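Asker: Below is the structure I would like to discuss, written out as structure tokens.
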Amino acid sequence: MESIVVPAKTDYLDQVTEFVDERLETRDCPASTQMQVELAVEEIFVNIASYAYDSADGEAEVRCEVLEEPLRVVIRFLDHGKPYDPLARAEADTSKEGLLSRVGGLGIHLVKKTMDDVQYAYEDGKNILTIQKRL
């Protein structure tokens with residue numbers, strides 16, 4: 001599994017997205033699937049950059065691997081920020097009223113709905129969020 005380590009700052013989102021895109025392009029990933037993966041990567045990385053370290057500096061590691069049978073991409077996001085399981089949040093209310101009144105939570109809802117598998121673990125002082133998508 002290849003990885004990239006960058007400061008957990010939104011200024012580095014393009015580097016992270018390019019890193020993942022390069023792996024997807026080696027497998028002729030369909031454009032619609034690549035767009036879904038990019039949106040999920042953006043959502044997760046921006047959340048790490050915005051919330052994991054409060055105002056302190058920290059790093060995020062992104063690991064990416066394309067696996068066979070079934071052909072899929074596995075992406076892991078690791079940070080040493082405060083423990084936070086985004087999957088433990090209540091499901092987002094996507095009704096019209098819920099969308100108008102809700103602050104936050106829609107991004108992880110999007111990730112859960114578009115990826116085939118999303119898992120969270122806190123191990124050895126690290127948040128580890130893993131997403132998988134069939135290609």
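The values are calculated or read from the model by the stated rules, or taken from the named source; none is laboratory data. Being a predicted model, the structure only gives us computed values, none of them experimental. Reconstructed Cβ throughout: ideal geometry from the backbone, glycine too, with neighbour counts over all protein chains shown.
Asker: All but one of (1) surrounded by 12 or more Cβ atoms within 10 Å (Cβ to Cβ); (2) touching a Phe, Trp or Tyr at 6+ places or on another chain (Cβ under 9 Å) hold for Pro83, so report the exception by its number.
Answerer: (1)
Asker: Something else: If I ask for residues that are in a helix (DSSP H, G or I) and either farther than 15 Å from Gln132 by Cα or in contact with a strand residue (DSSP E or B) (Cβ under 7 Å, 6 or more places away or on another chain) (or both), which ones from region 39-57 would you list?
Answerer: Passing the criteria: Ala40, Val41, Ile44, Phe45, Val46, Asn47, Ile48, Ala49, Ser50, Tyr51, Ala52.
Asker: So, Ala60, is that one assigned to a helix (DSSP H, G or I), small (Gly, Ala, Ser) and modelled with pLDDT of 95 or more or not?
Answerer: Numbers: assigned to a helix (DSSP H, G or I): no; small (Gly, Ala, Ser): yes; modelled with pLDDT of 95 or more: yes.
Judged against the criteria, Ala60 is not a match.
Here's the yes/no breakdown for (1) over 16 Å from the mean Cα position of the chain (by Cα); (2) surrounded by fewer than 16 Cβ atoms within 10 Å (Cβ to Cβ); (3) at pLDDT 95 or above:
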{"position": "Ser3", "(1), (2), (3)": "no, yes, yes"}
{"position": "Phe45", "(1), (2), (3)": "no, no, yes"}
{"position": "Ala49", "(1), (2), (3)": "no, no, yes"}
{"position": "Ser55", "(1), (2), (3)": "yes, yes, no"}
{"position": "Arg72", "(1), (2), (3)": "no, no, yes"}
{"position": "Glu91", "(1), (2), (3)": "yes, yes, no"}
{"position": "Thr94", "(1), (2), (3)": "yes, yes, no"}
{"position": "Arg102", "(1), (2), (3)": "yes, yes, no"}
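Asker: Between residues in region 106-123 that are within 12 Å of Tyr84 (Cα to Cα) and in contact (Cβ under 8 Å) with a residue 60 or more places away in the chain and residues that are basic (Lys, Arg) and crowded, with 17+ Cβ neighbours inside 10 Å, which pairs lie under 8 Å by C-beta distance while being six or more apart or on different chains?
Answerer: Qualifying pairs under 8 Å: none.
Asker: Separate question: Only residues that are in contact (Cβ under 8 Å) with a residue 12 or more places away in the chain and in a helix (DSSP H, G or I): list them for region 7-35, please. Show your work before the answer.
Answerer: Just the residues of region 7-35 that are in contact (Cβ under 8 Å) with a residue 12 or more places away in the chain, to begin with: 7-10, 12-13, 16-17, 19-21, 23-24, 26-27, 29-30, 33-34.
Correct list: Thr10, Tyr12, Leu13, Val16, Thr17, Phe19, Val20, Asp21, Arg23, Leu24, Thr33, Gln34.
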